[in-house]
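Each remark here refers to the structure printed beneath this line.
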Amino acid sequence: MATRKDELTRQAARLFAERGFHGTSMGHLAEALGVQKGSLYSLTGSKQELLFETMREGARAFHAALDAVPDDAPAIDRIRLALRGHLGVVADQLDVATVFTREWRYLDDEYREEILAERRRYEERFRALFADGVAAGELRPDLDAGAAALLVLSAANWAYTWLTAERDTDELADRFTAILVDGIRGYATRR
């Protein structure tokens, strides 16, 4: 059963996603919870702390999706499954994913450093998938794994702006992978 603190964190994620961090006041949070503003401070130290908790929840969710990718699968399958996991997190936790992608810059220094480290670690894990694909001969030998990871994550991170509830995220991730792995040139001929 969810605690009041959990409910506050969920409402904070929703409001931060809808209004932005600076557009959300403690009054908005209190109203969403149906309590007096002063009562919030028994659940949290500050709005900044709530933003950090939302960010940590996002980091945990995205890393857990990567943790579920089997290490022994071929690299291309791992890339596809990683994309499925990423888009699944966005679809299942849209508010948290929105805040994690968009609002990190408003964290105070100490909180920001921790979240930026988690974001860098996540990016590095994606980069490693592409590097493994190159090393295994599954991807072209001149592929820049870092650029490939940035491309994939840039596209997947923006999913919070266009992903709809009825969209099959596994099918979408499979299509993304096909475009990335097979390329967009295909068998087209010059005219």
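Inside segment 94-113, residues that are open to solvent by 60 Å² or more (accessible area, probe 1.4 Å) and touching a residue at least 24 places away in the same chain (Cβ under 8 Å) make up a count of 5.
Within segment 23-36, does at least one residue satisfy the condition of being exposed (fewer than 13 other Cβ atoms within 10 Å of the Cβ), among the polar types (S, T, N, Q) and not in a helix (DSSP H, G or I)? Checked segment 23-36: at least one residue is exposed (fewer than 13 other Cβ atoms within 10 Å of the Cβ), among the polar types (S, T, N, Q) and not in a helix (DSSP H, G or I).
Of all residues in segment 118-148, those being farther than 23 Å from Arg60 by Cα, open to solvent by less than 70 Å² (accessible area, probe 1.4 Å) and among the charged types (D, E, K, R) number 2.
Only a single criterion out of (1) of a type outside the set (Ser, Thr, Tyr); (2) open to solvent by less than 50 Å² (accessible area, probe 1.4 Å); (3) farther than 30 Å from Gly183 by Cβ; (4) modelled with pLDDT of 95 or more is not satisfied by Arg60, namely (2).
Kindly indicate which of Leu172, Leu151 is part of a helix (DSSP H, G or I), at pLDDT 90 or above, of a type in the set (A, V, I, L, M) and open to solvent by 100 Å² or more (accessible area, probe 1.4 Å). None of the others qualify; the one that does is Leu151. Within the set Ala17, Ala12, the sole residue that is in contact (Cβ under 8 Å) with a residue 60 or more places away in the chain, in a helix (DSSP H, G or I) and within 21 Å of Thr98 (Cα to Cα) turns out to be Ala17.
Within segment 90-100, identify whether any single residue is in a helix (DSSP H, G or I), within 30 Å of Ala145 (Cα to Cα), hydroxyl-bearing (Ser, Thr, Tyr) and within 13 Å of the chain's Cα centre (by Cα), and answer yes or no.
There is at least one residue in segment 90-100 that is in a helix (DSSP H, G or I), within 30 Å of Ala145 (Cα to Cα), hydroxyl-bearing (Ser, Thr, Tyr) and within 13 Å of the chain's Cα centre (by Cα).
The values are calculated or read from the model by the stated rules, or taken from the named source; none is laboratory data. Keep in mind that what you see is a predicted model, and the values were worked out from it rather than measured. Don't worry about glycine lacking a Cβ; one is built from the backbone with ideal geometry, like all the others, and counts go over all protein chains shown. Just the protein is used for accessible areas: all its heavy atoms, side chains included, with ligands, DNA and RNA removed. Shrake-Rupley method; radii C 1.70, N 1.55, O 1.52, S 1.80 Å.
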